[in-house]
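The structure under discussion appears below in the form of structure tokens.
The values are calculated or read from the model by the stated rules, or taken from the named source; none is laboratory data. Fair warning: this is a prediction, and the values are worked out from it, not measured in the lab. As a convention, Cβ positions derive from the backbone with ideal geometry for all residues, glycine included, and neighbour counts pool all protein chains shown.
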């Protein structure tokens, strides 16, 4: 079905399914989204600053850049883009939008590029776009809800397989597999034994080999984690 995986339990209830034996979640944005100029996901093209997975609902990236106050913008860029100069970037956006609304990718690039060293420009631009995309689509909230739902719907012995593409996603999945909690804190019983609902199937994260990265460059940041419900 065409839906957000945060609604996993709703759809299972709709189809009369109580429990499942396995769940595979590929968290990557589809290549179609990046390659469709009009969707506004890539700084390779000039297009409306959109970035919505569902083009029929929700705020666009332009809405966020033009409406969020400076502190909130800085937090988005820092938390979801891990940009050290997030406050400078946010201040520049607020200053620019006071003169003219930021509506296109080119508008945004003209604002942020002066703050990026040439040798890191593409990487930093990718982080800006990642941060806005995550905020537009509530991606971290959706992942949080999906992981909690997986714990409820998987049968004992069932497996959770998650493919992540950036450090924020991977950190959340790693913590959840380790402890059953998003913060990664492992609870213990009276005797000091670890209480966790999962067993990590692969103690070492699985990453693409050199051949796969060569034939599919977009796989280079992928990380695969597998856990079995106890």
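Observations on the structure shown:
- Residue check, residue 183 modelled with pLDDT under 95, more than 22 Å from residue 39 (Cβ to Cβ) and either touching a helix residue (DSSP H, G or I) at 6+ places or on another chain (Cβ under 8 Å) or surrounded by 15 or more Cβ atoms within 10 Å (Cβ to Cβ) (or both): yes
- Single match in 26, 18 (criterion: surrounded by fewer than 16 Cβ atoms within 10 Å (Cβ to Cβ) and in contact with a strand residue (DSSP E or B) (Cβ under 7 Å, 6 or more places away or on another chain)): 26
- The stretch 70-96, residues that are in contact with a helix residue (DSSP H, G or I) (Cβ under 7 Å, 6 or more places away or on another chain) and either assigned by TED's automatic domain parsing to the domain that holds residue 165 or not in a helix (DSSP H, G or I) (or both): 82, 83, 85
- Boolean, residue 196 is closer than 27 Å to residue 21 by Cα and over 14 Å from the mean Cα position of the chain (by Cα): yes
- Any hit, the stretch 204-211, residues being under 23 Å from the mean Cα position of the chain (by Cα) and over 30 Å from residue 32 (Cα atoms): yes
- When restricted to residues that are at pLDDT below 95 and within 20 Å of the chain's Cα centre (by Cα), the stretch 1-24 contains 7.
- Selection of helices (runs of 4 or more DSSP H) fully inside the stretch 112-230 by the criterion of at least 2 residues being closer than 30 Å to residue 102 by Cα and touching a residue at least 40 places away in the same chain (Cβ under 8 Å) returns 121-137, 139-153, 167-179.
- Only one entry of 109, 99 meets the criterion of being loosely packed, with under 12 Cβ neighbours inside 10 Å and in the same structural domain as residue 74 (by TED's automatic domain parsing), and that entry is 99.
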